[in-house]
Structures are given as structure tokens and as C-alpha cells.
1. Among the residues of the range 98-105, are any over 17 Å from the mean Cα position of the chain (by Cα) and at pLDDT below 85?
2. Would you tally the residues in the range 220-233 being closer than 24 Å to residue 250 by Cβ and within 19 Å of the chain's Cα centre (by Cα)?
3. Could you please give the count of residues in the range 169-206 that are farther than 23 Å from residue 124 by Cβ and either touching a strand residue (DSSP E or B) at 6+ places or on another chain (Cβ under 8 Å) or at pLDDT 95 or above (or both)?
4. Let me confirm something: among 108, 117, which residue is under 30 Å from residue 262 (Cβ atoms), modelled with pLDDT of 90 or more and in contact with a strand residue (DSSP E or B) (Cβ under 8 Å, 6 or more places away or on another chain)?
5. Need a quick list: strands (runs of 3 or more DSSP E) entirely within the range 196-301 having at least 2 residues that are within 26 Å of residue 128 (Cβ to Cβ).
6. Can you list the helices (runs of 4 or more DSSP H) lying wholly within the range 62-156 that have 3 or more residues being crowded, with 20+ Cβ neighbours inside 10 Å?
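The values are calculated or read from the model by the stated rules, or taken from the named source; none is laboratory data. Since the structure is predicted, the reported quantities are computational estimates derived from the model, not experimental observations. For neighbour counting, all protein chains shown are included, and Cβ atoms are generated from backbone atoms with ideal geometry for every residue, glycine included.
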């Protein structure tokens, strides 16, 4: 048995079911994601008329989550020089989830990347690029990919700067940066995904499940909102085109912004050629996954 497999068993202790789930989630990642997509579509499209079926997406989303990240926040994570252990987000001010609430990374300079399973499940001609854009940070995740996913998903070890390059290139084409947390993987930070709005199962699942319950979401907002400067805005519409959450509408005469729909991903800010949009820490939203900020804020709990 490979060392990463032993570590999975050790992490979950007597919960052998979660250990098996953990292993299958990574080793059969493409099939796992395809199954999740099929289950969501079947549940929503075929059974949405039956109201009690609401419990299914809610039960799934209680175990599989993500936190939207700004460029600044993910840069801090990928620049760590020492272990980070901010413990459990007891009051769910950052991670508003039932189980996945641990902000914890061991050996942050150990980083792996592999092909995105969501993209692999698309037709080859329709796969978004870059294909290799999922990132595992630290001792609890990178070894699993490097030992089990080299051939299946082209997993390789990379440096922190190479990981940041993947983030930068992905964001240029509208990919949303997420920190993924899953009950079966221990509910801890360490997986960074760059999600394409066109093929990401998480984004698709949330949109479909909202046909059953408009308040349901598989991802938590970053904690930021966007400020618009009308004096600088040229109404070019690039922000509307790049926004994956349909929070911005632009026409020849006006700019409108839905602060509640906005997840604070920062893509619109980066795409604005006039510098008319800025990101700010919104006190009415969750705390951002800003490592430096949380060292102070979580100690107040």
C-alpha cells in the first residue's frame, strides 16, 4: 500500500467509509464528477415536481463545498512559507458549512497539479484550456495525486510560482478560483480549482438545483463586493461578459450590479479596461479566506 493511501486511512480513523470515499474521489475523479453531474440533472430535471426531493441536493451540498477566492487571497495561500493552522471556523464566518470548516495546510510548498475532471468529461473539441489546472497544496493532498494520478490525470509536482501562473492564465479566460472542501477529504483546505463556467459541474449543479430551491448553493461567496465608478466606466460590457454569476448588466446607457448575486470572484475587476471596478471587503458578507486577516479575526471567536 502506498504511503498516501495509509495517510488517508489514518486521517479518517474508524470512518472507513470516508476513507474509501476519499480514495475513490481522487483515483476515479473523472467518473466521480460525471456521476455527480448525472445525479444532479436527473434529480432536478426529472423529479423537481416532487417537493420532498429538496433533501437530496441539500444533503449533497452539505458535504461538498467551495469558497470563492480573489486573486489576492489565493496568492497568499500559494505563497505560504510555513504550515498554517487556523483551526475550525467555529462560528462559520468564513466557511458556512456543516462539516468542512478547517483552515489547515501542512507543508504548503509541496504542490501538485493535474487535469480537470470537469473538462475531461467534455468532448475533446469543447474542453476548456488549460486542461491541467486543478491544484493540490500540502502534505494531505499533493502526495495522493502524485502517487495515484500521474498516468490517469497527468499529475505532476510544481512550484508555488508555477501554481500562481496557472491561476493567472486561467483567470484570463474567465475561470473562477475556488478553494474546495469535502467531508470525505477531511473537510480541510488544500484543493484549489479553476472552474470554467461552461463545464464546471459545481456551477452547473448549483444553477440546476436552484430550480428546486433558489437559496441553495454549492459555493460560498468570497466575502468581497464590487464598487463601480460611473465617471470612469465606458459601458464597454466586458464585465458583463466575464461575470459567471450574472451579477452585472450593461447596455448603451446604464450599468447595473446585483450585490446579492455577486460572489466576489474579482474577474470583472481584472477585465475592466477603464479601471472603473474595484473589489472591497464587504462587512455584510462572509469573511474572505484571507490568511493574514483570519489570523486575527478567527482568534476573536
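1. There is no residue in the range 98-105 that is over 17 Å from the mean Cα position of the chain (by Cα) and at pLDDT below 85.
2. Taking the range 220-233 as the starting set, the residues that turn out to be closer than 24 Å to residue 250 by Cβ are 221-222, 224-233.
After this cut, where a residue has to be within 19 Å of the chain's Cα centre (by Cα) as well, the list is 221-222, 224-225.
Count: 4.
3. 17
4. Exactly one residue qualifies, and that residue is 108.
5. Ranges flagged: 224-228, 248-250, 277-281.
6. Values: elements: 71-77, 117-120, 142-148, 150-153.
So the answer is 71-77, 117-120, 142-148.
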